[in-house]
Amino acid sequence: MKKNNAIYTVTFGTVCLSSLLFSASYNMLIPELPGYLSTLGGSEYIGLIIALFTLTAGLSRPFSGKLTDRIGRKPVIVFGAMVCVVCGFLYPILGTVSGFLLLRLVHGFSTGFTPTAIAAYVADSVPRERWGEAFGIQGVFFTGGLALGPAIGSSIKLFYSYEVLFHCSSAIAFLSIVLVYRLKETLVKTEPFRFSMLKISKTDIISIAVLKPALLTFLIYFSFGMVLTLIPDWSDHLGIKNRGSFFMAFTVASLTIRFLAGKASDKLGRRKVSVIGLIILTGALMAMGTFETVIGLMVAAIFYGLSMGILSPALNAWTADLSPLEHRGKGIATMFIALEAGIGLGALFSGMYYRDTYTNIPVTMYGCAFMALLGLVYLQFGNRDT
């Protein structure tokens, strides 16, 4: 009998579309939240909008990984999206600064749970030899939601109100739940939820099996923390009126390469594709710090997007490769912990060094290039088992 290795199925397409709606639902709020917080009288807390969200996203990863492996993929996907539904309705109700900050803390649980379970569901549903291609496609949808969300959210706020924006965020998250609700659970042996499952031991936090791609993920996303923190100010310094121009170029470039990069990692291997991505990443970061012109930054943004589009599906598939079936959720959660740690520390250290001094920004870019170079050295001299 011929083996069926198709990935373009209704199930896979449904999960990808749900992933797009989920990422759009929470990201559509981001451009308008600073203004909303200011209307509440909390402009001095704007820096906490992302920080609190990321904090709970990272802290919840061990729980999401464990529950994904115990109660199933679908319940964890639904729980994370339901957090978005509830928070969207509560933002207008808890109309105080403290209420807003509490909700940002709670809202972070959404990305701590749903992406972990979606990645495990994709790995369960797709033949192993096409994981790279599948994660490349799913990444296009998820990143597409991240890109479309802010544009949709800002348009809603422009023509309506904050309350309508929050309710639309809830509605889109609810649609993401509707899509996956009737799909078949892919975890073969599931258990009923028990509160004792929320007890986390040391062995539940990190999967040793996936430390290689997790370490690379940390080194790579350290630069993304810097980009999120410093590129808006650097764009102002270079005279770019639209502070989102870098991110637009980055996102388009990332989306265009993900599908091909994922397929390449299936055929050439995760390590070889990661080497290509890291070479481009190192060059892009060096160019960011060297060419202090608008054209230089935009070209660097394109190559930075290409590098992340190459690396992301390869590292996701590599993590799935190394994760034992019974601990796949924990393995994927470990990769996301490394990702969030990289973003968080990259943002922290680059912000601390920057101190509103533009001449310090190129130095942080060179530092991030050095981190990427460390990843290349690791791949060159580490154990080549992929």
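Okay, here's what the table says:
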{"item": "Candidate set: the range 95-117, residues that are out of contact with any Cys (no Cβ under 8 Å at 6 or more places or on another chain) and of a type in the set (S, T, N, Q); chosen: the one surrounded by the most Cβ atoms within 10 Å (Cβ to Cβ)", "result": "T116"}
{"item": "Check on I257, open to solvent by 50 Å² or more (accessible area, probe 1.4 Å) and modelled with pLDDT of 90 or more", "result": "no"}
{"item": "Check on I7, open to solvent by less than 40 Å² (accessible area, probe 1.4 Å), among the hydrophobic types (A, V, I, L, M, F, W, C) and in a loop (DSSP other than H, G, I, E, B)", "result": "yes"}
{"item": "Count - residues of the range 283-320 that are open to solvent by 40 Å² or more (accessible area, probe 1.4 Å) and more than 21 Å from F222 (Cβ to Cβ)", "result": "7"}
{"item": "Top-ranked residue of the range 14-28 - restricted to ones that are open to solvent by less than 20 Å² (accessible area, probe 1.4 Å) and touching a Phe, Trp or Tyr at 6+ places or on another chain (Cβ under 7 Å), ranked as nearest to L148 (Cα to Cα)", "result": "S23"}
{"item": "Within the range 265-282, considering residues that are in contact (Cβ under 8 Å) with a residue 60 or more places away in the chain and open to solvent by 10 Å² or more (accessible area, probe 1.4 Å), the one farthest from W318 (Cα to Cα)", "result": "T282"}
{"item": "Residue list for the range 60-94, restricted to those being farther than 27 Å from K202 by Cα, outside any helix (DSSP H, G or I) and open to solvent by less than 40 Å² (accessible area, probe 1.4 Å)", "result": "Y91"}
{"item": "Sole exception among (1) without any contact (Cβ under 8 Å) to a residue 40 or more places away in the chain; (2) open to solvent by less than 50 Å² (accessible area, probe 1.4 Å); (3) over 29 Å from S350 (Cα atoms) for P232, by number", "result": "(3)"}
{"item": "Tabulated pairs, the range 115-142, first within 15 Å of L322 (Cα to Cα), second among the charged types (D, E, K, R) and outside any helix (DSSP H, G or I), C-beta under 7 angstrom, 6+ apart or interchain", "result": "none"}
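The values are calculated or read from the model by the stated rules, or taken from the named source; none is laboratory data. Just so it is clear, the model here is predicted, and its values are computed rather than measured. Positions of Cβ are generated from backbone atoms using ideal geometry, with glycine treated the same way; all protein chains shown enter the neighbour counts. These area figures cover heavy atoms from the full protein model, side chains too; ligands, DNA and RNA do not enter into them. Shrake-Rupley method; radii C 1.70, N 1.55, O 1.52, S 1.80 Å.
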